[in-house]
Every structure is written in C-alpha cells, then in structure tokens.
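The values are calculated or read from the model by the stated rules, or taken from the named source; none is laboratory data. Predicted model only: the values in this text are computed from it and were never measured. Cβ placement follows ideal geometry from the backbone for every residue including glycine, while neighbour counts extend to all protein chains displayed. Note: accessible area is taken over every heavy atom of the protein model, side chains too, but ligands, DNA and RNA are not part of it. Shrake-Rupley method; radii C 1.70, N 1.55, O 1.52, S 1.80 Å.
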Amino acid sequence: MSEQAAFTAEVFQNQYLPVGGTVVDAVLTVAASGPGLRAAASAPTAAQVIMLDCSGSMASPATKIAEAKKATMTAIDTLRDGVAFAVVAGRNDADMIYPPQATLVPAHRQTREEAKAAVHRVMPGGGTAMGRWLDLANRLFAGSPAEVKHAIMLTDGQNQHETPEQLAAVLRACQGRFVCDSRGVGVDWSGTELRTVAAALLGTADGLPDPAALVADFRAMTETAMGKAVAEVALRLWTPTRATVRFVKQTFPHVADLTGRRTEVSARIGDYPTGAWGAESRDYHVSIEVASGAVGEEMLAARISLVSQDQPLAQALVLATWTDDTALSTKINPRVAHYTGQAELAEAIQEGLAARDAGDVDTATAKLGRAVQLAEESGHTETAKLLGKVVEVVDVRTGTVRLRRQVAGVDAELANVRSVKTVRVKNG
C-alpha cells in the first residue's frame, strides 16, 4: 500500500514551555495522495447500506419521498461494479427494500435495476426508530468481508419511537463496524441526533431543508466512499513514562473527539480510529501532559504514527523544550490557537442552542454571542450566516447579540448540525 498511497504527517506546535509548564499542544496535518488513491481498480473491497426513511411524514410534502427515492437510485448507480449493497426501509422497525433477504448483493446491471425498481415501489407509513435501522445495517455488514463499509442514513424526523438510551446502545454495538453519514431532510429533524450518529460512527452529519438537494448529496457521499483506498487507518500515539494524553481530536474538516475511542496497544501506546482514507487531508489536535523539566531540557513528548493493519504509513514527533525566555514560551502556534477556537465555537453553539431550547435566555445569549465572536475571528462565514438567523448581532467584535423572537426551527437545527464543521484559514 505504501508504494501506491503516500501519507504525509506534519506537526505544528510551539515546543517551548515555561519553567513548570507541563502541557504540550500540537496540531497534526495528515495528507494522503498517490495513484493508489485515485485508481478504482486498486481500491479495497467495499460495501454500502442505504437506510431510507419510509415513515409516514416522508409523504408530507410528497417531494420528500420522491426526491429521497431519486437520491437512493443515484447512489445505487454510483456504486462500483462488485460493491456489495443493500437498501433498508426505516420506520418503527427496519425492513429490507432490496434485496428481499437480509443480506448484501454485488452491484451489477441486473441488481441495480432490481434495486431501483424496489425503491420506486416504496410507500411511506409508520414512525421513526433509528436504532433499529442501524442495527439491521450492522447485521448486514457483519456478513460481509468488505474492507470499507459505508452507510447512509436519511431521516426527516426525530427518533420518537425509541429512547435515547436504546439508540446509544445500538451505536455502541456499531462502533468500529462501519462508517455512517447521517442526513436530515425537510424541517423536522434533530441536529443533535444526526451529530450523535455521525460522531459515534466516524461519519458526517448535515441537514437539507430542500429535498431537491438530496440527489447531489447522495452522489457525493457515495463517490467519497467509493474513493477510499486505505481501510481502517488509526492514529497511533506513543507517550513517554509519566505522560498523560489529555485529548485527541480531529479538528478538520470537522470536530470529532476521539479521546474516548482509544484502544490500548501497550501501556504507553494507544490507537485512535480515523476510518478509511481516500485522497484527502485532515487535521488533529493532540494535547499531552508531561512531567516538568529543567531549563534547557528537551524531551520527546509524543510520537504520532498513522497505521493500517499495523503497517506504518507516516510518522511525526511532538517535542517539548523548557525555557526561561518568555518571548519563546508565550508564543502560541497559529494552528493550535485556530483549532482551539474552532472547538470552542462548536461547543458554544451547541450549549447556546440547548439553553435557548430550555428557556435559559441569559446563558443562550452569552453562549451564542461568544459563538458569533469566534465565527468572525476565525473567518467561519457560513457559520456566521447561520447564527445570524438565530440571533440579532449588535456588536460582532464584543459578541453582543439579542435572541431573535421568531426563528424557523430548521435554522436552529442547521446551526446545530453544522456547528462541528471547521475551516482552515482565518481572516487576514
């Protein structure tokens, strides 16, 4: 794989710590490229399951189910020949749309036509229980030897027919088994639920108020999945004796906390899952607490590797040097500062919207005001636009805002679900 797919890893940090300093922060930029990441013939075996919301609400308006069917058919046509696939109908329970049996079938001309005909015949009715949809997808994937397993989950509503605890239990069972991109269509879905599914299953989450946008989005998600060339890549972190990993987070293209996903390799080495890779670039923020050193002392605070099936793909080092030069020790690396702000931005939006829903006006105003300020500072123009539909901005520099009295529910959910999306370049 290393001859076909090249991975590079570069660390951005300020390695200088003040006397008594113990926290080392670094941003790791990983890029994957090479002919093996572009040639479909060399891609790993893949499987895809599409979970199509077929609840009664999908018929109102009728464009939702019509566009969802078109999008599902487009995804089926986008699959490479030989990719194992299935389509699931999501209601109060989960049923097979295609094939009739609970199994995956290889994509070729006949199975594609049969699957599209089956999708065309689907009629909406019933409720919503996402955990049951995901459970069926998990069972379908369990019978497949595919290296890359990808799912799409589409819903137009909230998870009303099972408890949050039931959904959480299913997500725990699905972790590490497949990647899932979650999407909401229309105006009644929950951004928090979509983010919960995507975060647990290393996927993306988004909302599409206009059903007509589904076709392009389903095509893009499937093309991305078909472009994966290296499966099950992990970020492997070595730390020295008496060092503690404070957190490991993906920070670009979206925020995802991987800290709790650590798998122990040894007492000082742990793996953090990153999923499958195609030709792409991602950033990770790693924070390590080390024992304090003397002035002039230098140490290796962490060794970060990208590995697939225990084979190294790239490596970078995080250093720590103690100094009594305040000009050196107080300098903050721009990338570390930027992504610290991006993580705070996501948290401020989510907490602010939750406070707003709970009727806590003071907390909501303070949190969303801080979010507006951070969005401006980081150049996150799309987030700023979304926030502008939820609050009236009085002074962007100070984060002074007023909650809008009339807010479309979907605008708040869009701000919620897209809160974890990040940008790399700040204004100026």
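The table below gives the values:
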read-out	value
Matching residues, the stretch 377-417, being under 15 Å from Gln350 (Cβ atoms) and in contact with a strand residue (DSSP E or B) (Cβ under 7 Å, 6 or more places away or on another chain)	Val391, Glu413, Leu414, Val417
Among the candidates Ile269, Ile332, residue that is at pLDDT below 95 and aliphatic (A, V, I, L, M)	Ile332
Residue match in the stretch 233-245 (condition: without any contact (Cβ under 8 Å) to a residue 60 or more places away in the chain, under 22 Å from Phe7 (Cα atoms) and polar (S, T, N, Q))	no
Residue in the stretch 326-348 that is acidic (Asp, Glu), within 22 Å of the chain's Cα centre (by Cα) and in a strand (DSSP E or B) present	no
Matching residues, the stretch 368-380, being open to solvent by less than 30 Å² (accessible area, probe 1.4 Å), touching a helix residue (DSSP H, G or I) at 6+ places or on another chain (Cβ under 6 Å) and not small (Gly, Ala, Ser)	Leu368, Val372, Leu374
Residue list for the stretch 203-238, filter: acidic (Asp, Glu) and modelled with pLDDT of 95 or more	Asp206, Asp210, Asp217, Glu223
Restricting the stretch 254-275 to residues that are out of contact with any strand residue (DSSP E or B) (no Cβ under 7 Å at 6 or more places or on another chain) and over 16 Å from Ala200 (Cα atoms), the residue that is most open to solvent (accessible area, probe 1.4 Å)	Ala267
Of all residues making up the stretch 251-286, the number that are over 21 Å from Val197 (Cβ atoms), among the polar types (S, T, N, Q) and either free of Cβ contacts under 8 Å to residues at least 12 places away in the same chain or touching a helix residue (DSSP H, G or I) at 6+ places or on another chain (Cβ under 9 Å) (or both)	1
Number of positions in the stretch 374-428 that are among the charged types (D, E, K, R) and assigned to a helix (DSSP H, G or I)	6
Residue satisfying all of: in the stretch 239-253; closer than 30 Å to His380 by Cβ and either of a type in the set (A, V, I, L, M, F, W, C) or at pLDDT below 95 (or both); surrounded by the fewest Cβ atoms within 10 Å (Cβ to Cβ) among these	Phe247
Qualifying position, being over 25 Å from Gly184 (Cβ atoms), polar (S, T, N, Q) and buried (at least 18 other Cβ atoms within 10 Å of the Cβ), among Thr383, Thr400, Thr422, Thr365	Thr365
Residues of the stretch 50-77 that turn out to be surrounded by fewer than 20 Cβ atoms within 10 Å (Cβ to Cβ) and under 24 Å from the mean Cα position of the chain (by Cα), as a count	1
Wholly within the stretch 236-322, strands (runs of 3 or more DSSP E) carrying at least 3 residues that are of a type outside the set (Ser, Thr, Tyr)	244-252, 269-277, 280-289, 298-308
